[in-house]
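Input: a single structure, listed below in C-alpha cells.
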Amino acid sequence: MHSILLRSLNAVVATARVRHKKARQHRPMGLSGAVTTFVVAACAWLSTGITSSTFAQSAPVVGIAQSGASVTARAKGMFDVKLTPEPTDGNLAGVLDRMSADKQYRGDLDGVGNGQMLAVRTPVKDSAAYVAVERVRGTLQGRSGSFVLLHRGVMDRGAQSLTVTVVPDSGTDQLVGLAGTMDITITDGKHFYDFAYTLPAR
C-alpha cells in the first residue's frame, strides 16, 4: 500500500527537486534524506495509505439528519493538492521539514484549503510523523464560511494512522459551530474526502 502512495507522488517529488535544489544546498540534510521526508510527510498529508473503492467516481452520496438544534451530515467529494517545501529554521534542519499545501475541494465541500505542515523522520525506516493546520474557505452543502482542520499523522514502521478534525469554534459566517472529522482516501490516483460533521440548525 505504501508503494502505491509513492508512485502517486513521483511527479510531486520530481517537481520539488527542481524548484528547490538551490535552497537545499544550504541545508545540512542531504538530498536523499530531504526527499524521503518529503514523500513520507506527503503520504501522511494525503491519506493513511489505504487504497479504497469506497468512493464512486460519480456524484457523491450525501446524508443529512436533523435532531433538535443541530444538523448531522456527511459530505463527500474530491480534492487536488499542491505541496511546496518551505525553509526550516537552521537549528531544526535535518530534523524537521516544513511544507505548505494548497488544496482545491470539489463536491459537497466546494472551496480552497491552505495549510502549513511540520514533518519529522526517524532513523528507523518507515517511522515518521507530521502535524498540520489547514484553513478551509468555501461552501459546505449550501452554507458558506471558513473553518480550520487539524491533521495528525503517524507512521510506525509502516503502520499508518491519520486523524483530521475540525478545530473547535473555528467556524465562521454560516459555519459557526461546525464540528466533525474528515477521512481521506486515494483511489486510482485521485484524492477523495468523506466529511462527517454537525452544525447548528438554521
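Select from segment 67-101 the residues that are part of a strand (DSSP E or B), of a type in the set (Asp, Glu) and modelled with pLDDT under 95 and list them in ascending order.
Listed by number, the residues that qualify are Glu86, Asp97.
For Ser127, work out the one condition from (1) among the small types (Gly, Ala, Ser); (2) in contact (Cβ under 8 Å) with a residue 40 or more places away in the chain; (3) surrounded by 14 or more Cβ atoms within 10 Å (Cβ to Cβ) it doesn't fulfil.
Just one mismatch for Ser127, condition (2).
Taking the residues in segment 172-202 that are in contact with a helix residue (DSSP H, G or I) (Cβ under 9 Å, 6 or more places away or on another chain) and of a type in the set (A, V, I, L, M) as candidates, determine which candidate is farthest from Ser70 (Cα to Cα).
Filtering first and then ranking leaves Ile186.
Need pairs with beta-carbon distance below 7 Å; first residue in contact (Cβ under 8 Å) with a residue 24 or more places away in the chain and within segment 141-163, second among the aromatic types (Phe, Trp, Tyr) and part of a strand (DSSP E or B); sequence gap 6+ or separate chains.
From residues that are in contact (Cβ under 8 Å) with a residue 24 or more places away in the chain, the pairs are Gly153/Tyr130.
So, in segment 92-107, of the ones that are touching a Ser or Thr at 6+ places or on another chain (Cβ under 9 Å) and closer than 18 Å to Val164 by Cα, which residue ends up surrounded by the most Cβ atoms within 10 Å (Cβ to Cβ)?
It comes out as Met99.
The values are calculated or read from the model by the stated rules, or taken from the named source; none is laboratory data. Keep in mind that this is a model prediction, so the values were computed, not measured. Note: ideal-geometry Cβ built from the backbone for every residue, glycine included; neighbour counts use all protein chains shown.
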